[in-house]
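Please treat every number below as a calculation from the coordinates, not as lab data. Here the structure is a predicted model, which is why all the values come from computation and not from measurement. No Cβ is skipped: glycine too gets one built from the backbone with ideal geometry, and neighbour counts run over all protein chains shown.
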Amino acid sequence: MCSETRVVVLFSGGVDSAVTAAVLARDGAEVHLLFVNYGQRAASGEERAARRVADYMRLPLSCLDLHALGCLGQGSLFESHAGSGEGFGESYFPHRNLLLLVIGAQFARRLNYNALAVGFIKPYGSPYPDTTRQFLSTVEGILVLESEDLRLLAPIIECDKVGVMRLAEKTGVPWRLTHSCDLSSAGRCGKCPSCLDLEYAIREVYR
Ligand SMILES: [Zn+2]
């Protein structure tokens, strides 16, 4: 990676985006974390985790409160649970990642940074349509029409959750301080896809 990479990392307070930030920092990038409250039901738990992890990793963090966007929310990420899934699973919220990428791109411009990173990983099932390389390159193609130098990075997109946990160990990410549950701010519910994937990976890595 170019040593002059200045990157905003979309940071949920979860292990995937924490490892993404750690890998970029390890490779010489200047990293700034961005947490967005878009009205998701676990927002308060995610934000607390984001602050804990950012402190531990000594990375700057900005938190944007856009919770009113929750009125557009669909699927199990939101209290209303309206219009869930659309065939991709309960926690799918159409256009969420597009929205977050646009917000992240605007934030990167404000900081005069030249990259925006996401913690997309390789899922165990079919990927959501907004978590693929093709999706990212399409969005990047639109963003560069206005921000010529902006690059979208997804450094762990080829890692599955077990690989992410191994990378967390290797890069010193405090995964016990992260928050990954979609349904609860208080801890792991043990039932949502995020909890199930994380618990499987913990068993695989630490058995
Ligand atoms: Zn959960």
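Going by the alpha-carbon gyration tensor, a ≥ b ≥ c the square roots of its eigenvalues, is region 164-207 rounded (a/c under 1.5) or, if a/c is not under 1.5, prolate (a/b greater than b/c) versus oblate? Spell out each step's value before the answer.
Working: a/c = 2.67, a/b = 1.53, b/c = 1.75.
The shape class here is oblate.
Quick one: compute the contact order of the chain, relative version, from alpha carbon pairs under 8 angstrom and 6+ residues apart, as a percent. Don't jump to the answer; show the numbers that get you there.
Values: 392 pairs, mean separation 53.6, N = 207.
Value for the chain: 26 percent.
Rounded to the nearest 500, what is the chain's calculated 222 nm mean residue ellipticity when only DSSP H runs of at least 4 contribute -39500 (n - 2.57) each, over all residues?
Values: 6 runs with 79 residues, N = 207.
When only DSSP H runs of four or more count, the value is -12000 deg cm²/dmol.
Under a 5 Å amide H to amide H cut-off, with H placed in plane at 1.01 Å, what residues pair with Cys159 once short-range neighbours are removed?
So Cys159 has HN proximity to Lys122.
Could you sort the peptides 163-170, 43-50 by per-residue average Cβ neighbour count (10 Å cutoff), highest mean leading? Don't skip to the answer; put the middle values down first.
Working: 163-170: 18.5, 43-50: 21.1.
Top to bottom by mean Cβ count within 10 Å: 43-50, 163-170.
For Ser76, what residues show an amide H to amide H distance below 5 Å, using hydrogens built from the backbone and excluding near sequence neighbours?
Gly85, Ser91, Tyr92
Run the numbers on region 123-207 and let me know its relative contact order in percent, using alpha-carbon pairs under 8 Å that are six or more apart.
On the way: 52 pairs, mean separation 18.2, N = 85.
Across region 123-207, relative contact order equals 21 percent.
With bins 5 Å wide starting at 0, give me the P(r) of the chain over every alpha carbon pair, in whole percents.
1, 8, 16, 21, 23, 18, 10, 4, 1, 0
Among all the aspartates and glutamates, which ones have a C-alpha under 20 Å from Lys161's C-alpha, if same-chain residues fewer than 8 places away are not counted?
Asp16, Glu46, Glu90, Asp130, Glu169, Asp182, Asp197, Glu199, Glu204
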